[in-house]
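Taking it in order: structure first as structure tokens, then the write-up.
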Amino acid sequence: MTAAPGGAPLLAHGAASWFVDYEQVKRELMMIGVTWLGDGDSEPVAELLGRAQPSIDDFVATIDSITTLEVEGHDSSVLRAMALEMQHHAAERLCGA
């Protein structure tokens, strides 16, 4: 068994990798925020995501906390729908779906 950058374990013999590029997933989730809210209004979302620790549990908790944000000019249902899209995206990327 070898390790990927950052010490994450990899399976032997070139099999599937357990390595997850959490920083890339953060960037992808931030882009979902920009798509839904625009550049300026997505800043609180980007700030929360930027503080997320590299673990599935922390990403889940962070995305869940996005549903409680109040962003001027955006209804809470928009934030909930955006967070739902983020949950689906994160599940695909972090769980290998």
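Taken over the range 74-88, the criterion of being over 12 Å from residue 36 (Cβ atoms) and surrounded by fewer than 17 Cβ atoms within 10 Å (Cβ to Cβ) is satisfied by 76, 88. Taking the range 41-52 as the range and being assigned to a helix (DSSP H, G or I) and of a type outside the set (D, E, K, R) as the test, the residues that pass are 44, 45, 46, 48, 49, 50. For the range 53-69, a tally of residues being of a type outside the set (D, E, K, R) and either outside any loop (DSSP other than H, G, I, E, B) or at pLDDT 95 or above (or both) returns 8. The residue that is nearest to residue 73 (Cα to Cα), counting only those in the range 29-42 that are surrounded by 15 or more Cβ atoms within 10 Å (Cβ to Cβ) and not aliphatic (A, V, I, L, M), is 41. In the range 22-52, of all residues being of a type in the set (Ser, Thr, Tyr) and touching a Phe, Trp or Tyr at 6+ places or on another chain (Cβ under 8 Å), the one that is modelled with the lowest pLDDT corresponds to 22. Given (1) touching a Leu at 6+ places or on another chain (Cβ under 7 Å); (2) over 13 Å from residue 89 (Cβ atoms), where does residue 57 come up short, assuming only one miss? Residue 57 satisfies every listed condition except (1). The residues of the range 54-73 that are among the polar types (S, T, N, Q) and either under 20 Å from residue 38 (Cα atoms) or over 11 Å from the mean Cα position of the chain (by Cα) (or both), listed by number, are 62, 65, 67, 68.
The values are calculated or read from the model by the stated rules, or taken from the named source; none is laboratory data. On a predicted model such as this, the values are computed, not experimentally measured, just so you know. Because the Cβ atoms are built from the backbone with ideal geometry, glycine has one as well, and the counts that use them run over all protein chains shown.
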